[in-house]
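Working notes, structure below.
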Amino acid sequence: MERISLVQPRHCYASPTGQGHVYSPTSLWTAASRIIQAGGEVAEIQDENLRPSEPKEGIVGLNLLGAPYVPVVRRMIFNVFRRNVLPVLGGQVMQGFDDAQRTALFGMHAVNGNDDVALARTLGIEAAALPAPEMTSLVPVYERISDADMREYLSREMSFYLSQGCGYHCSFCAADRTEKDPFSGQIIRKVQERYRAPDVLECDLAYLFERAEKLGIQQLSLYLSNLDVFQTPEKLEEFAKIVQTVRASHPAVGLRMRGLACVSSFTRLNHFHKKRKGRVIRAICDAGLVSIGFGIDGGNPEVWESVQKPQNVSIKECESAIRIAREEYGITPEVLMVFGHPAENERSLRDAVAFTLRLVEQYGAVPRPHMAKNLVPGNQNWKDPANQDRMQMFLKHPEAFQALDFTTLPCALTHPDQALRALAAHYYRMIADIHAGEGGVNTLVTYPEWSPEIDAELQNFHRCLNVGQFDR
């Protein structure tokens, strides 16, 4: 049996020294706990955002939190570790690469850590012994975290693994979701939300409250992992009851929860339970839900149709959902505006800004703009043969993956049309400049660090501008 060291790479915008962006690496912790519960040997779990890592083992697992981490991890493999370690790579973005792409980026010896068979073979354990993520408690990992480090995590918003999977099929999204053929309209892959087991959720939540009490932390802030909080009402209500039970046993610790939602799921659930005064929504709010990011992602139905987001029926319904969230449930609504899609024009971009501003002024919504990146590893456009030339540019120039950050301004690689690129950048800055209001957090604009039209001097300047620009 082989031992493995697990490392969370430093945030791609962190300064060379001091703390990086300290945020609980839940996906890495889940992988660690699965290995431990399968009888594998995890020698250590290190977070480079807290301190430089010094892996002790010849096998090192690295967690890529998204496309911008591709150049970070490549530098670790080829410049730091060199030939001294066998890299095992995990994270959602790894699912978007096929074998040839993974080899081109990370070398022929890199192991796909998301593949249970490959992971088990590398560590000398049985793949069948690895518990499903939904059945995996993180307590075995929590117990290994020192009080000093756990205080750092618990004092900030923590990611809480509640569920995975979305039934919708927005074409720009690379998350675990339903996939639809862009030409025929046929469903290629149907996905349903998968909640973790109730006893696992209660065990993990109770442990976090107990640890917070021990460390003298008076309030926990959790970011729920659901891609759409309200899509499975029965499971959400069950979770709300678990939270209320745990909180009742730990009255000294408060709780604030935040999550994401589709407008249609919220509206449907609100209407369905209207006679019962929104039972499920009320239950999760009573449990501690205080903020919801609603996926608006465009200024009109034509834009939604172009990115396969028909669940947003109308601007009126989107506005109604945000009004109801604020006025009837006391939820702080966030306007998630992923815009700048290929089919957009100045009118649609201006509509997106105007709509966001109206929601901020009338309902105290928090603007959360993001620049659409229609070519992301794992989404439908990445797999489309028509985009192969652009995809190959990313493989040839891996530094370009940073430009796929949704907070990053458009460049020639992400927005080949020069006119749209200029318009999208202009209106993106306009939304980012809207005051988020009391308690709100504005999106910090970042800059592309590699693209064919950016010379070396400007690339270095952009890297300097990006230091410390952590989204949340």
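The values are calculated or read from the model by the stated rules, or taken from the named source; none is laboratory data. Everything quoted here is computed from the prediction, not taken from an experiment. Here the Cβ is made from the backbone with ideal geometry for all residues, glycine too, and neighbour counts use every protein chain on show.
Filter the range 80-93 down to residues that are buried (at least 17 other Cβ atoms within 10 Å of the Cβ) and of a type in the set (Val, Ile, Thr) and give me whichever is nearest to Pro55 (Cα to Cα).
Val85
Of everything in the range 50-73, what is within 17 Å of Ala110 (Cβ to Cβ) and surrounded by fewer than 18 Cβ atoms within 10 Å (Cβ to Cβ)? Give them in sequence order.
Glu57, Gly58
With respect to Gly113, determine if the residue is surrounded by 20 or more Cβ atoms within 10 Å (Cβ to Cβ), touching a residue at least 40 places away in the same chain (Cβ under 8 Å) and more than 30 Å from Asp384 (Cα to Cα).
Details: surrounded by 20 or more Cβ atoms within 10 Å (Cβ to Cβ): yes; touching a residue at least 40 places away in the same chain (Cβ under 8 Å): yes; more than 30 Å from Asp384 (Cα to Cα): no.
Against the criterion (surrounded by 20 or more Cβ atoms within 10 Å (Cβ to Cβ), touching a residue at least 40 places away in the same chain (Cβ under 8 Å) and more than 30 Å from Asp384 (Cα to Cα)), Gly113 does not qualify.
Please give the number of the condition Val280 fails out of (1) touching a Pro at 6+ places or on another chain (Cβ under 7 Å); (2) at pLDDT 95 or above.
Failing condition for Val280: (2).
Working carefully through the options Ser306, Ser291, find the one that is surrounded by fewer than 24 Cβ atoms within 10 Å (Cβ to Cβ) and touching a His at 6+ places or on another chain (Cβ under 9 Å). Let's see the steps before the verdict.
Details: Ser291 fails: touching a His at 6+ places or on another chain (Cβ under 9 Å).
Just a single option satisfies the conditions, and that option is Ser306.
Under the condition of being part of a loop (DSSP other than H, G, I, E, B) and hydrophobic (A, V, I, L, M, F, W, C), which residue from the range 410-435 is nearest to Tyr363 (Cα to Cα)? Give the steps one after another, and end with the answer.
Going through the range 410-435, the residues part of a loop (DSSP other than H, G, I, E, B) turn out to be 410-417, 433-435.
Then drop every residue that is not hydrophobic (A, V, I, L, M, F, W, C), which leaves 411-413, 434.
Working: Cys411: 33, Ala412: 36, Leu413: 37, Ile434: 14 Å.
It comes out as Ile434.
Among the residues in the range 49-58, are any touching a residue at least 12 places away in the same chain (Cβ under 8 Å) and within 30 Å of Asn381 (Cβ to Cβ)? So that I can check it myself, show each step before the final result.
Of the residues in the range 49-58, the ones touching a residue at least 12 places away in the same chain (Cβ under 8 Å) are 49-50, 53, 55-58.
Then drop every residue that is not within 30 Å of Asn381 (Cβ to Cβ), which leaves none.
No; the residues of the range 49-58 include none that is touching a residue at least 12 places away in the same chain (Cβ under 8 Å) and within 30 Å of Asn381 (Cβ to Cβ).
Residues checked against (1) under 24 Å from Val441 (Cβ atoms); (2) touching a residue at least 12 places away in the same chain (Cβ under 8 Å); (3) not in a helix (DSSP H, G or I):
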position: Asp199; (1), (2), (3): no, no, no
position: Tyr223; (1), (2), (3): yes, yes, yes
position: Thr245; (1), (2), (3): no, yes, no
position: Leu260; (1), (2), (3): yes, yes, yes
position: Ser264; (1), (2), (3): no, yes, no
position: Leu269; (1), (2), (3): no, yes, no
position: Cys285; (1), (2), (3): yes, yes, no
position: Glu302; (1), (2), (3): no, yes, no
position: Gln308; (1), (2), (3): no, yes, yes
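Consider only pairs whose beta carbons are under 6 Å apart and that are at least six residues apart or on different chains; among these, list those whose first residue lies in the range 412-425 and is under 16 Å from Tyr447 (Cα atoms) and assigned by TED's automatic domain parsing to the domain that holds Arg347 and whose second residue is assigned to a loop (DSSP other than H, G, I, E, B) and small (Gly, Ala, Ser).
Between residues of the range 412-425 that are under 16 Å from Tyr447 (Cα atoms) and assigned by TED's automatic domain parsing to the domain that holds Arg347 and residues that are assigned to a loop (DSSP other than H, G, I, E, B) and small (Gly, Ala, Ser), the close pairs are Ala412/Ser451; Leu413/Ser451; Ala424/Gly340.
In the range 47-73, which residues are among the acidic types (Asp, Glu) and assigned to a strand (DSSP E or B)?
Start the filter on the range 47-73 by keeping residues that are among the acidic types (Asp, Glu), which leaves 47-48, 54, 57.
Correct list: Asp47 only.
Do you know which residues across the range 191-211 are touching a Phe, Trp or Tyr at 6+ places or on another chain (Cβ under 9 Å), under 19 Å from Glu157 (Cα atoms) and surrounded by fewer than 19 Cβ atoms within 10 Å (Cβ to Cβ)?
Residue satisfying the conditions is Tyr207 alone.
Matching residues to (1) of a type in the set (S, T, N, Q); (2) surrounded by fewer than 22 Cβ atoms within 10 Å (Cβ to Cβ):
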site: Leu6; (1), (2): no, no
site: Pro25; (1), (2): no, no
site: Ile36; (1), (2): no, yes
site: Glu48; (1), (2): no, yes
site: Gln95; (1), (2): yes, yes
site: Met108; (1), (2): no, yes
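Testing Tyr447 on (1) at pLDDT below 95; (2) out of contact with any Cys (no Cβ under 7 Å at 6 or more places or on another chain), one condition comes back false. Which one is that?
All conditions pass for Tyr447, except number (1).
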